[in-house]
Amino acid sequence: MKWLTFILLVLSFPALAAEKDYQDAWCPTVNGKPTTLRDRLTGEVVGYVDCLTPTHAVEVDPGKKWAEGLGQALFYASRTGRRAGVLLITPAGSRHHRRLQAIIEHYGLPVDVWTIDP
């Protein structure tokens, strides 16, 4: 059982490292930084913004996690007073990018989207 856990951890690490690498490379180019969000009253940690810029709260996710990224970006935007943003690690025009854009347009959501090739 320990070996199975180890193998799963090792297999998942490259995906996690890759997402962080994209975040680390892209965020400084938009004058942003990763930020911990705390509850205004209790001080409890309520989330981690991948890239908080002067204008946006940006979630960085691989294309297949477009829906999760959208929800997180909207939540972080509501907590920071900044516009929601999603940086998708997928080619522009990919299936995941089109789905995200379709939902944003259908509901008129105040969300900006960027893509970066994997």
Residues satisfying the stated conditions in region 93-105, i.e. surrounded by fewer than 18 Cβ atoms within 10 Å (Cβ to Cβ) and among the hydrophobic types (A, V, I, L, M, F, W, C): 102, 103, 104
Search result, residues across region 31-57 that are part of a loop (DSSP other than H, G, I, E, B) and among the hydrophobic types (A, V, I, L, M, F, W, C): 41
Has region 46-60 got at least one residue that is of a type in the set (D, E, K, R), in contact with a helix residue (DSSP H, G or I) (Cβ under 8 Å, 6 or more places away or on another chain) and at pLDDT 95 or above? yes
Looking only at region 26-62, which residues are within 14 Å of the chain's Cα centre (by Cα) and of a type in the set (Gly, Ala, Ser)? 32, 47, 57
What about residue 90, is it within 16 Å of residue 27 (Cα to Cα) and surrounded by 16 or more Cβ atoms within 10 Å (Cβ to Cβ)? no
Please enumerate the residues belonging to region 86-118 that are more than 22 Å from residue 21 (Cα to Cα) and among the aromatic types (Phe, Trp, Tyr). 107
Take the residues in region 63-113 that are free of Cβ contacts under 8 Å to residues at least 40 places away in the same chain and assigned to a strand (DSSP E or B); name whichever of them is farthest from the chain's Cα centre (by Cα). 83
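The values are calculated or read from the model by the stated rules, or taken from the named source; none is laboratory data. A quick note: this is a predicted structure, and the numbers were derived from the prediction, not measured. Every residue, glycine among them, receives a Cβ derived from its backbone with ideal geometry; neighbour counts consider all protein chains shown.
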